[in-house]
Amino acid sequence: MKRKLPALSVESSPFWQGGGDGQLKILFCKACEYYFHPPGPVCPKCTEDNIAPREVSGKGSVATYTINHQRWHPDLDVPFVIAIVELDEQPGLRFVTNIINCEPESVRIGMRVKVTFLQQDDVWLPLFEADQ
Amino acid sequence: MSFRKVGEKGVAITGIGQSEVGRPSSKSAMQLTVDACREAISDAGLTRNEIDGVVSWPGDNNNGDAFSPVGPNALIGTMGLKVNWYGGGYEGPGPIAGVINGAMAIAAGLCKHVLVFRTITESSRRLVDKNAGALTKKTTGRDSSFSWQWYTPFNVMSGINLMAMYAQRHFYEFGTREEQLAQIALTCRANAILNAKAVFRDPLTLDDYMASRYISTPLRLFDCDVHCDASTAIILSRNDVAKDCKNTPIRIEAMGSALHQPWSWDQIDLTGMAARDAAGMMWSRTDYKPEDVGSAQLYDGFSILTLLWLEALGLCPEGEGGRFIEGGNRIALSGELPINTNGGQLSGGRTHGLGYIHEACTQLWQRGGSRQTKAHDVTIVAAGGGPLAGCTLLVKG
């Protein structure tokens with residue numbers, strides 16, 4: 001089924017549209033040398049605005065996950081995996097995503113994953129698959 | 001943290017009331033609200049003319065949405081109240097934010113007697129739309145909400161997906177097992193059987209639990225609370241006037257409302273949640289200790305949240321929640337720490353926050369009937385999950 005898409009903002013567009021260039025982009029504070037997510041107009045650590053989107057490796061590991069079995073919408077294919085992936089660039093740099101292209105039961109905490117993009121309209125959703 | 005003045009110590013609960021708990025109710029949301037409020041005012045030995053403040057969380061924040069169809073604005077005129085202060089609104093430390101705000105209003109000298117209420121009609125709503133609560137329906141078109149937009153594009157359609165991930169992480173870090181977590185649901189059901197107002201009163205066994213379907217692993221059907229139509233109300237009174245009320249005042253010994261992390265479901269401590277911040281603040285405002293607590297009403301919108309609150313509040317050591325509740329004896333009505341004594345939200349009904357305060361007072365005033373615990377004077381109410389967290393330590397007398 002078609003997914004609900006986010007409203008794009010100046011701050012969030014690099015994250016949602018970086019996949020158009022094949023890049024996962026996360027905001028980076030040059031003063032703190034610190035990645036942060038979700039995006040905002042200032043670095044939450046120092047509240048300065050010396051920030052810019054920076055391409056990251058797209059590699060990380062599964063911090064936690066769940067296999068959703070409930071069909072919340074008649075067109076929703078179940079089961080599927082929702083996960084929080086932590087990126088290699090920085091401890092705690094993480095976000096909610098899906099793990100795809102594998103059996104849901106094969107997902108584990110700590111599993112190594114890499115980004116893959118799913119385009120819908122003008123958004124490239126950063127999803128993850130096993131990194132073998 | 002240190003606090004020079006702990007204002008909530010000057011505030012007490014003096015009365016409680018609750019409408020019928022319907023699944024669904026044939027009464028209007030406002031009728032349920034009035035039923036609860038009149039009962040609470042009368043229980044305190046007051047009249048409506050003495051009520052000079054009214055507050056609800058979240059109040060009517062979405063034009064009559066079933067999550068909270070009645071707010072203070074509507075109630076004031078309906079009941080002919082004349083108040084010095086009133087308030088509502090979603091942002092704040094979770095489902096007992098109304099109690100916290102009301103206590104602040106009294107501590108600030110704005111009011112003497114505050115009516116706190118919470119109305120919910122999610123059962124009626126779900127007869128019309130089974131998935132009325134889907135997160136994807138909170139916005140029309142693209143998701144512009146500051147929080148949900150980070151989850152709904154990944155087909156996170158219910159809060160259970162987020163809280164299931166807290167459970168999975170807890171299982172991974174601490175070796176917690178499904179058979180242990182089951183005790184939250186089983187304990188609530190055992191208590192609900194003794195509560196005539198509870199929604200689900202048929203016996204529930206561990207085998208029933210383990211045979212139930214997964215909604216979002218590792219959480220199953222019985223790990224989810226049950227929608228209802230109900231309203232709950234309590235009266236907060238300034239201590240000096242509380243002494244003149246009908247019941248022995250139940251003092252607000254300490255409250256916790258802290259948030260030291262982002263208001264986010266995935267950027268916070270996944271097993272401590274905001275609960276850890278709120279609990280730490282609460283204990284810093286009192287000389288009481290966790291071992292003084294005789295019972296606890298701990299939020300069970302999903303079972304895992306109750307377990308995480310047990311740990312956050314220091315009622316058991318961090319990571320030990322699964323082993324603490326194993327077998328269910330400790331948290332049973334006859335155990336060392338009875339929890340969710342009216343069946344909680346899992347079996348009693350999702351009265352959402354104030355129901356726990358109502359039950360805490362029911363137990364301290366020894367009105368529990370067949371579900372009454374052994375007499376005690378100190379209890380905890382804690383509510384919320386993820387970034388939502390508020391808690392309060394209540395002491396009778």
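The values are calculated or read from the model by the stated rules, or taken from the named source; none is laboratory data. Predicted, not measured: the structure shown is a model, and the values here were computed from it. Every residue, glycine as well, gets a Cβ built from its backbone with ideal geometry; the counts of neighbours run over all protein chains shown.
Sort through B:R189, B:R126, B:R142, B:R169 and tell me the only one that's out of contact with any Pro (no Cβ under 9 Å at 6 or more places or on another chain) and not small (G, A, S).
The conditions single out B:R169.
Checking A:C102 against (1) away from chain B (no Cβ under 13 Å); (2) surrounded by 19 or more Cβ atoms within 10 Å (Cβ to Cβ): exactly one of these is not met. Which one?
For A:C102, the exception is condition (2).
Return yes when A:L5 is surrounded by 15 or more Cβ atoms within 10 Å (Cβ to Cβ), more than 13 Å from every other protein chain (Cβ to nearest Cβ) and within 14 Å of the chain's Cα centre (by Cα) and no when it is not.
Here the answer is no, as A:L5 does not meet what is asked.
Which ones in the stretch A:78-89 are under 21 Å from B:R220 (Cβ atoms), more than 7 Å from chain B (Cβ to nearest Cβ) and in contact (Cβ under 8 Å) with a residue 12 or more places away in the chain?
Result: A:P79, A:V81, A:A83.
Just to confirm my filter: which strands (runs of 3 or more DSSP E) fall fully inside the stretch A:48-132 and include at least 1 residues that are among the basic types (K, R) and under 24 Å from B:E173 (Cα atoms)?
Filter on the stretch A:48-132 gives A:59-68, A:94-99, A:112-120.
Here are some conditions: (1) within 13 Å of chain B (Cβ to nearest Cβ); (2) surrounded by 15 or more Cβ atoms within 10 Å (Cβ to Cβ); (3) touching a residue at least 60 places away in the same chain (Cβ under 8 Å); (4) not hydrophobic (A, V, I, L, M, F, W, C). A:T97 meets all but one. Which one does it not meet?
Going through the list (1) within 13 Å of chain B (Cβ to nearest Cβ); (2) surrounded by 15 or more Cβ atoms within 10 Å (Cβ to Cβ); (3) touching a residue at least 60 places away in the same chain (Cβ under 8 Å); (4) not hydrophobic (A, V, I, L, M, F, W, C), A:T97 breaks only (3).
Against the definition (within 25 Å of B:Y356 (Cβ to Cβ), crowded, with 24+ Cβ neighbours inside 10 Å and within 14 Å of another protein chain (Cβ to nearest Cβ)), how does B:M157 come out, yes or no?
No.
Look at the stretch B:282-322 and say how many of its residues are of a type outside the set (A, V, I, L, M) and in contact with a Pro (Cβ under 6 Å, 6 or more places away or on another chain).
2
Looking at (1) under 23 Å from B:T351 (Cβ atoms); (2) at pLDDT 95 or above; (3) of a type in the set (A, V, I, L, M, F, W, C), find the lone condition where B:M165 falls short.
(1)
Being touching a helix residue (DSSP H, G or I) at 6+ places or on another chain (Cβ under 6 Å) and within 30 Å of B:K112 (Cα to Cα) is true for just one of B:A275, B:A296, B:A312. Which residue is that?
B:A275
Check the stretch A:19-36 and report whether any residue there is within 13 Å of another protein chain (Cβ to nearest Cβ), in a loop (DSSP other than H, G, I, E, B) and out of contact with any Lys or Arg (no Cβ under 7 Å at 6 or more places or on another chain).
No, the stretch A:19-36 has no match at all.
Please pick out the residue among B:G59, B:G94 that is buried (at least 21 other Cβ atoms within 10 Å of the Cβ), part of a loop (DSSP other than H, G, I, E, B) and in contact with a helix residue (DSSP H, G or I) (Cβ under 7 Å, 6 or more places away or on another chain).
B:G59
Count, please, the residues in the stretch B:185-221 that happen to be within 14 Å of another protein chain (Cβ to nearest Cβ) and hydrophobic (A, V, I, L, M, F, W, C).
3
Give the residues of the stretch B:68-82 that are buried (at least 20 other Cβ atoms within 10 Å of the Cβ) and in a loop (DSSP other than H, G, I, E, B), sorted by residue number.
Passing the criteria: B:S68, B:P69, B:V70, B:G71.
Considering A:G58, A:G110, which residue is touching a strand residue (DSSP E or B) at 6+ places or on another chain (Cβ under 7 Å) and surrounded by 20 or more Cβ atoms within 10 Å (Cβ to Cβ)?
A:G58
What number of residues within the stretch B:306-349 satisfy the criterion of being within 11 Å of the chain's Cα centre (by Cα) and either modelled with pLDDT under 95 or over 22 Å from B:G369 (Cβ atoms) (or both)?
So the answer is 1.
Tell me, please, whether a residue that is in a loop (DSSP other than H, G, I, E, B) and either of a type in the set (A, V, I, L, M) or surrounded by 16 or more Cβ atoms within 10 Å (Cβ to Cβ) (or both) can be found in the stretch B:111-128.
Yes, the conditions are met somewhere in the stretch B:111-128.
Show the residue pairs that are 6+ apart or on different chains and have beta-carbon atoms under 9 Å apart, the first residue being within the stretch B:17-33 and touching a residue at least 24 places away in the same chain (Cβ under 8 Å), the second being surrounded by fewer than 17 Cβ atoms within 10 Å (Cβ to Cβ) and of a type in the set (S, T, Y).
As it stands, the answer is B:G17/B:S42; B:M30/B:T78; B:T33/B:T78, since those pairs meet every condition given.
Test each condition in (1) at the interface with chain B (Cβ under 9 Å from one of its Cβ atoms); (2) closer than 21 Å to B:G159 by Cα; (3) without any contact (Cβ under 8 Å) to a residue 60 or more places away in the chain for A:G92 and report the one that comes out false.
All conditions are met except number (2).
Specify which of the listed residues (B:Y166, B:Y151) is closer than 30 Å to B:E318 by Cα and within 7 Å of chain A (Cβ to nearest Cβ).
Going through B:Y166, B:Y151 in turn, the sole match is B:Y151.
Output the number of residues of the stretch B:169-180 satisfying the condition of being away from chain A (no Cβ under 14 Å) and in a helix (DSSP H, G or I).
The number of residues fulfilling the criteria is 2.
Mind listing just one residue for me: the one in the stretch A:37-52 that is away from chain B (no Cβ under 12 Å) and surrounded by 17 or more Cβ atoms within 10 Å (Cβ to Cβ) and, of those, nearest to B:Q261 (Cα to Cα)?
Ranking the candidates gives A:C43 first.
Go through (1) more than 8 Å from chain A (Cβ to nearest Cβ); (2) farther than 22 Å from A:S12 by Cβ; (3) out of contact with any helix residue (DSSP H, G or I) (no Cβ under 6 Å at 6 or more places or on another chain) one by one and return the number of the condition B:T140 breaks.
That leaves (2) as the condition not met.
Among B:L135, B:L46, which is the only one that is in contact (Cβ under 8 Å) with a residue 40 or more places away in the chain and either touching a helix residue (DSSP H, G or I) at 6+ places or on another chain (Cβ under 6 Å) or of a type in the set (A, V, I, L, M) (or both)?
Going through B:L135, B:L46 in turn, the sole match is B:L46.
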